[in-house]
1. Which net charge results for the neighbourhood of P370, defined as the other residues with beta-carbon distances under 11 angstrom from its beta-carbon, given Lys and Arg at +1 and Asp and Glu at -1?
2. Taking amide H positions as placed in the peptide plane 1.01 Å from N, state which residues far from S42 in sequence (5 or more) or on other chains have amide H under 5 Å from it.
3. Could you work out the local net charge near G38, counting Lys and Arg as +1, Asp and Glu as -1, over the other residues with Cβ closer than 11 Å to its Cβ?
4. Rounded if a/c is under 1.5, else prolate if a/b is larger than b/c, else oblate: which is the range 299-413, with a ≥ b ≥ c the root eigenvalues of its Cα gyration tensor?
5. Quick one: among G384, G108, G165, which has the greatest mean-square fluctuation in a GNM of the chain with alpha-carbon springs under 10 angstrom?
6. Gaussian network model of the chain, Cα springs within a sub-10 Å range: biggest mean-square fluctuation belongs to which of R13, R341, R258?
7. Spelling out what I want: for every residue of the range 139-149, take phi, set θ = phi - 60°, compute 6.51 cos²θ - 1.76 cosθ + 1.60 (Karplus), and round to whole Hz; glycine and proline get x.
8. What net charge is computed for the residues neighbouring S2, neighbours being all others with C-beta under 12 Å from the C-beta of S2, Lys and Arg scored +1, Asp and Glu -1?
Amino acid sequence: MSVDTVSLTGWGRTAPTTALRFRPRTYEEASIAVRGCGPRGSIARGLGRAYGDAAQNAGGSVLDMTALNRIRTVDAAVGLVVCDAGVSLHRLMEVLLPLGWFVPVTPGTRYVTVGGAIGADIHGRNQHVSGSFSRHVRAMEVLTADGSIRTVRPGTRLFDATAGGLGLTGVILSATLQFHPVATSLMSVDTERAVDLDDLMARLTASDHRYRYSAAWIDLLARGRATGRAVLTRGEHAPLHALPARDRRTPLVFRPGRLPAAPAFVPDGLLGRTSAALFNELWYRRAPKFRTGELQKLSTYFHLLDAVPHWNRVYGRGGFVRYQFVVGHGQEEALRRIVRRISQRRCPSFLAVLKRFGDGDPGWLSFPMPGWTLALDLPAALPGLARFLDGLDEEVAAAGGRVSLAKDSRLRPETMAVMYPRLSEFRALRAELDPDGAFRSDLSRRLAL
Ligand SMILES: Cc1cc2nc3c(=O)[nH]c(=O)nc-3n(C[C@H](O)[C@H](O)[C@H](O)COP(=O)(O)OP(=O)(O)OC[C@H]3O[C@@H](n4cnc5c(N)ncnc54)[C@H](O)[C@@H]3O)c2cc1C
């Protein structure tokens, strides 16, 4: 097993910390790394796509799981896949799409591991229909603090603590996943523009249930009557008959494109309010007012940013903060207030997404709950950002909502405890299974998990 000392950050590139990195290739090596981790503990890491400090461990060890990346069995008749936790969703798509199966839930990037997808209990654009990732996990093997490997199934405490448990209950070694059947590798996409936030919410409420996938890009720099204007794109896997004749011969081909990498250094001033406003204006105007049935590649519809390697560098040396919250149905006024606060403050946000969540899943620290979720990126160096986001946290907590932990890098422990009512159960299970704190991360110390 390779071992080195590295400085690590999350995808937002803020707050680097140094750790001893182990790269186990077998379950035995993973077990040795956990048992030998020392007083600062260890944490599993996948592809480091969590934005904040969930997969870092200052002065302790980090288990890079990406060498445990075998797809063990595929039952192509029913779409059941057994794989190591370090395999990426990208790899699973390469292998399973030609067989007519698609990952049950994908986030906005394919470059996450199965372990990371369970550890953050990720959601996708189909959350309102399919729930989050853990809903499609039939079983997993988890290495716990005592060095034993347990088979963990849905409906048990360890399952519910591990789904969304940010690696703090143990190291996920493998998982059995139920995939979704598809006839083609193209998406049929409907696009419409919403003139303001109320128009957007009305459109989502009226017809989201008709689509498997749905999300809206929202212009957080628009003000006045245009506050919350958006471009709504909703889609379904295209059926075979929707493809042009020439594509019907290879309907399940998977060939995502790549663009040149983002430059290593972007001057901070380049991503100011003016360029963000210009970008947002163009993005809104170039979207069709209404278009149905446009065929798009899976990679274009779901993973646009993956085409640009290292796109997270574009925020400059200071890195960026991803802020994502959810507030329940009936709390629309809180959402309106928050959107107004963000747009009045003129935050240079390029990538803001609004979605309507359906039922949540049982994970004790899972993020989704029925309601409205808004995600946005902000340059970390923005003056007064910490105080501004603390204010939004208070608003979200008062509305009974919560902030996503896999995206977080700055939440306060007392606010987090209000947002996640099952935190005490999570802590109790950790105390029972891991009394000496074998599993720790920068995030677990910051939020006293
Ligand atoms: C461009 C982009 C778009 C995104 N879109 C979405 C989205 O739409 N929805 C969403 O929910 N998230 C989204 N994310 C966040 C991302 O899906 C999650 O952070 C995911 O956990 C990253 O997986 P990873 O393999 O990189 O894990 P890491 O970032 O390395 O780790 C994330 C967490 O999982 C734990 N973990 C990793 N591997 C294991 C393991 N084997 N056993 C136990 N715990 C483990 C880590 O300890 C850590 O707490 C997005 C991220 C990016 C960069």
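The values are calculated or read from the model by the stated rules, or taken from the named source; none is laboratory data. The structure presented is a predicted model; accordingly, all values stated were derived computationally and were not measured. Note that each Cβ is placed from the backbone with ideal geometry, even for glycine, and that neighbours are counted across all protein chains shown. Please note that ligands, DNA and RNA were not included when accessible areas were found on the heavy atoms of the full protein model with its side chains. Shrake-Rupley method; radii C 1.70, N 1.55, O 1.52, S 1.80 Å.
1. 0
2. S61, F439, R440
3. +2
4. oblate
5. Comparing G384, G108, G165 in a Gaussian network model of the chain, the most mobile one is G384.
6. R258
7. 6, 8, 9, 10, 8, 9, 4, 7, x, 8, 10
8. Values: positive: R21, R23, R25; negative: D4, E29, D64.
Counting the neighbours of S2, the net charge comes to 0.
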